[in-house]
Amino acid sequence: MGLNKKNLGNILIEQDIIDNSALSEALAVQKAKGGRLGKILVQLGYLTEVELLRAISHKFGIPYQEKIDFQLDKSVIQKIPFQFCKQNKIVPFAQNNGLLKVGVSDPLQIYLLDDLRLLCEQEVEPVICPEDVVLEVIHLIYHQIPETAEKMVKDLDMEDSDLLADIGDEARDIMDMANEAPIIKLVNLILLQAIKERASDVHVEPFERELRVRYRIDGILYDTLTPPKKNQTAITSRIKIMSKMNIAEKRLPQDGRMRIKLVDRDVDVRVSTIPTAFGERVVMRLLDKTSAILTLEDLGFFKKDLDDFSNFINHPHGIILVTGPTGSGKTTTLYAALSKINFPDKNIITVEDPIEYQLDGIAQIQVKPKINLTFSNGLRSILRQDPDVIMVGEIRDLETAEIAIQSSLTGHVVFSTLHTNDSAGAVTRLLDMGVEPYLVTSSVIAILAQRLVRLLCPKCKEPVTPDAFTLEKIGLKLEDLSEGVLFTSKGCPYCLQSGYRGRTGIYELLPIEDEIRRGIMNRVESGFIKKIALRQGMTSLRQDGTRKVARGMTSIEEVLRVTQEDIL
């Protein structure tokens, strides 16, 4: 298929993608402001990127592919600078009859193909691909090419005089820093590997004779590498410089943050250091800003709990609490709940520490204790902004609790979190803070406790026939299992030999109803409240986890790890 002499506009009309009025409007914009016709049509909403690329493919006789399967020898790609591919959105991906097949998002940049021909010393054949597909393949192949952090540790040479060069204020792509000093390069590789392996936290831990780096993946810490002890100060200082901390202060804890980029991903890193007997310990929390906010349907609720929780978040007023230990996904659940009710007719304001993800259409306030912008002060100010829905990151003290309660009693919906082991424990925590029982019963409408359990790896999980003793440990019977089998996983490269990949939530939703209100007024202990709730049909954390085991989603060991036995 050769060059089609018809212009792009006529091709799009022939394919019944646009009409004459759309073409006329785009041509008028092009005449007034310049630019390419195709891109103008996309901007005006008459055309999608895929439709444009298909039309360009038809016009120039260049094949179009929706996906790219990378099948190229690494020695070829190593001839091409990462920055060249990234800036020009072009990537070689296969060889066919001596021709190098190249994915391009803009085939009109002919000179790029000439540059690539010189770099690779062979003829090239362009293939039109969507821009995000090209970037994804660049992301994939250049992940694999840099040396590993482990190899970097072995080759580390501490004689470099430029160990602690600053990176400036602007976030840079950590894969651009190929020629940096060894310590800088090592820290970049540690972060690169952490992002690649889906780590949520990076721990740099000093001991008497070694320095250990560990990644938290799906809630579990894994040892990754042990840099030489002599490099400890330089590594810590490099991280402190990147996160704008005082490198001279080693006696006090410090907090900082940095932004890094990895091709098309923007990652916010919160950094904490504390002094220990053998040097400063560093923990870096990684937050991928390009990750989509999960919906309630994505979080792992079974239908009844999802319907009940959705009803509660749509109440006209009242407090909804989400409880669980640190790292149990409370904030993610609250973000999903806010997204569910985020409509133009609602004024939603949050006060958080920290703001983990930006939510469109929602005003988010960052707590700043140094200037006395606390949860309680922020919440008090929010009330003067005429909100309909308020989210308080955490109720930490009596003052915040009382303002949240008064807010709910004056017609606001308030979301917040508490650190308690189960849903009933949240009631006693509020009473222990000094909140009066009648205020709890008149304001709190529901409490959701949650944990995160790891999902069995889809690539290596396999069915097993369980024995009665195994099932008894978690309260299951053989008839509860679909097809009479449980699932287990042996570990594979896809799950880093752990047998698990990804996580889902298990939930315990406690509605505050009349009998429970009477118990709260009498200040009964949390165990008694839980017994009432279970008798009324509440599904406990252990029971919800058991259901997920029966459906082959997770393992018995994983549910036992994160839940306690129900006291009936």
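The values are calculated or read from the model by the stated rules, or taken from the named source; none is laboratory data. Worth saying up front: this structure is predicted, and the values here are computed from it rather than measured. Positions of Cβ are generated from backbone atoms using ideal geometry, with glycine treated the same way; all protein chains shown enter the neighbour counts. Keep in mind that these areas ignore ligands, DNA and RNA; they rest on the heavy atoms of the full protein, side chains included. Shrake-Rupley method; radii C 1.70, N 1.55, O 1.52, S 1.80 Å.
A convex hull fitted to the Cα coordinates of the chain yields 224 cubic angstrom per residue.
Run the dipole for segment 439-568 about the Cα centre, Lys and Arg Cβ at +1, Asp and Glu Cβ at -1, nothing else charged, and hand back the magnitude in debye, nearest 20.
Details: 20 positive and 16 negative charges, 90 e Å.
Here the size comes out at about 440 debye.
In segment 211-308, what GluC sites (Glu not before Pro) fall in a loop by DSSP, with at most 14 other Cβ atoms inside 10 Å? Don't skip to the answer; put the middle values down first.
Working: sites: 249, 280, 297; in loops: 249.
Of the GluC sites (Glu not before Pro), the ones in loops of segment 211-308 whose Cβ has at most 14 other Cβ atoms within 10 Å are 249.
A crude spin-label estimate for the pair residue 118 and residue 132, with each label 7 Å from Cα along the Cβ direction, gives 3.5 nm. Close amide H partners of residue 488, meaning residues 5 or more places away or on another chain with modelled amide H under 5 Å apart, are 462, 464. With respect to the chain, whose longest principal axis is taken over its alpha-carbon atoms, helix 131-144 is tilted by about 80°.
The modelled label-to-label distance between residue 315 and residue 222, using points 7 Å beyond Cα along the C-beta direction, is 4.2 nm. Hand me the GluC sites (Glu not before Pro) from segment 1-68 located in a DSSP loop with no more than 12 other Cβ atoms within 10 Å, in residue order please. Answer in residue order: 66. For residue 277 and residue 431, the FRET efficiency from 1/(1 + (r/R0)^6), where r spans their Cβ atoms and R0 equals 45 Å, is about 0.70. Computed from the C-beta positions of residue 16 and residue 560 and an R0 of 45 Å, the FRET efficiency is 0.15 to the nearest 0.05. DSSP bridge analysis restricted to the chain gives an antiparallel fraction near 65%, rounded to the nearest 5. Applying 1/(1 + (r/R0)^6) with R0 = 45 Å to the Cβ-Cβ distance of residue 230 and residue 398 gives a FRET efficiency near 0.35. For segment 510-545, the list of GluC sites (Glu not before Pro) that fall in a loop by DSSP and count at most 14 other C-beta atoms within 10 angstrom reads 513, 525. Relative to the longest principal axis of the Cα atoms of the chain, helix 110-120 runs at roughly 90 degrees. Backbone N atoms of segment 446-477 closer than 19 Å to the 7 Å Cα→Cβ label point of residue 198 belong to residues 451-462. Stretch residue 550-residue 490 to full length: gain in nm at 0.36 nm per residue minus the Cα-Cα span? Result: 19.8 nm gained on full extension. Isolated cysteines of the chain, defined as having no other cysteine beta carbon under 4.7 Å away, are 85, 120, 129. Quick one: pull the percent of accessible area on the chain belonging to carbon and sulfur, 1.4 Å probe, ligands and nucleic acids left out. The nonpolar share, carbon plus sulfur, comes to 49 percent.
The magnitude of the dipole of the chain, with charges of +1 and -1 set on the Cβ of Lys/Arg and Asp/Glu and taken from the Cα centre, is near 460 debye.
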